[in-house]
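Data first, discussion second: the structure below is written as structure tokens.
Read-outs: derived from the displayed coordinates by stated rules, not from any lab. As the structure is a prediction and not an experimental result, all values here were calculated from the model. Virtual Cβ from ideal backbone geometry, glycine too; neighbours counted across all protein chains shown.
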Amino acid sequence: MSRDILYESASELVKEYRTRDPIKIMEYEGIDHDFGDIGYLKGFFSVIDNEPFIAISSNISKQEQLVVGGHELGHRYHHFDIAKEQCLKEFEIFNIRDVIENEANIFAAHLLIDERKLLAILKYGWSVFEASQILGINVNLIYIKLAEMNRWGYNFDLSWGDRNLFG
């Protein structure tokens with residue numbers, strides 16, 4: 001799947017609903033979702049009677065629930081047919097070895113992170129870790145967004161470290 005499609009679909013949702021909050025988007029879209037104790041899972045996406053269903057663990061932080069929600073929305077919009085055959089379960093969100101999980105992470109990064117805000121924070125001199133705290137977004141998702149921005153022509157050094165990328 002083209003990574004540009006992931007960006008475009010996330011951007012369309014943000015534009016249509018004027019929010020980056022995946023839970024609100026689920027509500028606006030009428031996607032059945034629930035929060036509960038689902039054991040070791042962080043969340044899952046399933047299709048039941050041809051209707052999408054998203055579950056998010058109530059045992060994780062609100063910040064992580066947003067990441068999981070964005071990730072599961074990625075599955076909803078890009079892996080619906082796969083979920084008809086098998087439930088897409090998340091024990092760990094940042095599994096980059098699996099193509100489907102990586103696509104859901106890229107979608108979540110585009111949905112949750114406004115690149116203009118991220119650039120402003122980094123240009124101001126904050127590190128990636130500080131940007132993560134300012135935006136309330138997991139640092140791994142920030143790195144995914146920056147890698148996507150590099151595909152667009154930026155040249156961020158993405159070696160792991162707490163330093164200024166414009167420094």
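For the range 114-167, calculate the relative contact order in percent as a whole number, restricting contacts to Cα pairs under 8 Å that are 6 or more residues apart. Please report the intermediate quantities before stating the final value.
Numbers: 41 pairs, mean separation 25.0, N = 54.
The value is 46 percent.
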For each pair in 89/145; 84/117; 84/145; 89/123, compute the distance between the two Cα atoms and list the pairs where it is over 26 Å. 84/117; 84/145; 89/123
Shape category assigned to the range 1-115 from the gyration tensor of Cα positions, a/c cut at 1.5: rounded
Among 49, 32, 21, which one moves the most in a GNM of the chain with springs linking Cα atoms closer than 10 Å? 49
Which whole-number percentage describes the relative contact order of the chain, with Cα contacts under 8 Å and a sequence gap of 6 or more? 21
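Could you work out the local net charge near residue 104, counting Lys and Arg as +1, Asp and Glu as -1, over the other residues with Cβ closer than 10 Å to its Cβ?
Values: positive: 76; negative: 72, 90, 98, 101, 103.
Surrounding charge for residue 104 is -4.
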Spacing of the two label points (7 Å from each Cα toward its C-beta) at residue 40 and residue 154, in nm: 3.5
Can you find, among 155, 135, 36, the residue farthest towards the positive end of the dipole of the chain? Put +1 on the C-beta of Lys and Arg, -1 on that of Asp and Glu. 155
Roughly how many nanometres apart are two label points built 7 Å out from the Cα toward the Cβ at residue 4 and residue 80? 2.3
Pseudo-spin-label distance residue 100 to residue 115, built 7 Å along Cα→Cβ, given in nm, is 2.8
